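Step one of this worksheet: look at the structure below.
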Amino acid sequence: MSIRSRWTAIADGVYRLETANVNCYLVVTSDGMTLVDAGLPRTLPLLDDLLAHLGAHRGDIDAIILTHAHFDHVGMAHGLVSERRTPVHVHPRDQRLARHPYRYAHERARITYPFRYPKAVPTLLAMTAKGALGVRGVEAAPTVHHATAVEAPGRPTALWTPGHTEGHCGFWFEDLGVLMTGDAIVTLDPYTGRTGPRIVAGAATADSGRALSDLDAFLASSAPTLLPGHGEPWHDGAGAAVAHARRVGRS
């Protein structure tokens, strides 16, 4: 399992920023730029490098949309809001969590996972080194609603997939052929180190049963490419990813 910091072009106008096996995505369209999730605090130099490559700067980011408001998806948001007043959008049920990104429900005790799954320890340590323990909350507008286009460049359709958190949403950029799945489906579980499409372990998931059942929302997407919050892109479509996640089940 590789732990690195880099940005890569995924599709035309879609860039993945990866730090300590945590992903966020910059979408560049003719209407502007949208940052999907805000990674860890120390993803910021990577974002600056990508923006410089594009001939842009932080102020050119028109919106941040959050799949959910856990600390590793909110990391850069406070700084961008403070510096540039970049608007942040989230589902209403995760608005409070955005203010307090460590106060989240989870099914199982987190302390046991490094002992049960030692393969995950390098990722957890790398996340800590990249600022996972120092994330500041952010005020986010509760403007993300199921099956509705988000008012941000690219106008993705929000697909509400609660279970990981109450307000978790995926974002389907139909014109770009990509579905941002956040932590509803990942291809690397940072708490177990296991790979392949799956839900995140109970160490960070509020309701695994609901997380699995509500993956049906992703079946409305015809996107060939899924872009998860952790792990590599998945290029075999939503149906195959959902089926695999359900076979694997909960951890």
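Read-outs: derived from the displayed coordinates by stated rules, not from any lab. Every value quoted in this text rests on a predicted model; they were computed, and no experiment measured them. So basically every Cβ, Gly included, is an ideal-geometry build from the backbone, and we count neighbours across all protein chains shown.
See the values below:
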| read-out | value |
| --- | --- |
| Label-point gap, in nm, between Thr8 and His235 - each point 7 angstrom along Cα→Cβ | 1.0 |
| Cα centroid of segment 57-81 to Cα centroid of segment 111-180, whole Å | 11 |
| Gyration tensor (Cα) of segment 10-86, equivalent ellipsoid semi-axes in angstrom | 17, 14, 12 |
| Isotropic mean projected area of the C-alpha convex hull, the chain (nm²) | 11.1 |
| Three-way shape call for segment 46-167 based on the alpha-carbon gyration tensor, with the a/c threshold at 1.5 | oblate |
| Dipole in debye (nearest 20) - segment 61-178, about Cα centre, beta carbon charges: Lys, Arg +1; Asp, Glu -1 | 580 |
| Cα gyration tensor of segment 181-247 - equivalent ellipsoid semi-axes, whole Å, descending | 17, 14, 9 |
| Rg/Rg_globular for segment 104-204, with Rg_globular taken as 2.2 N^0.38 Å and Rg from C-alpha atoms | 1.23 |
| Computed over the chain: relative contact order in percent, which uses C-alpha pairs under 8 Å that are six or more apart | 17 |
| Positive dipole terminus of segment 34-126, leading residue within Thr123, His89, Gly39 (C-beta point charges) | Thr123 |
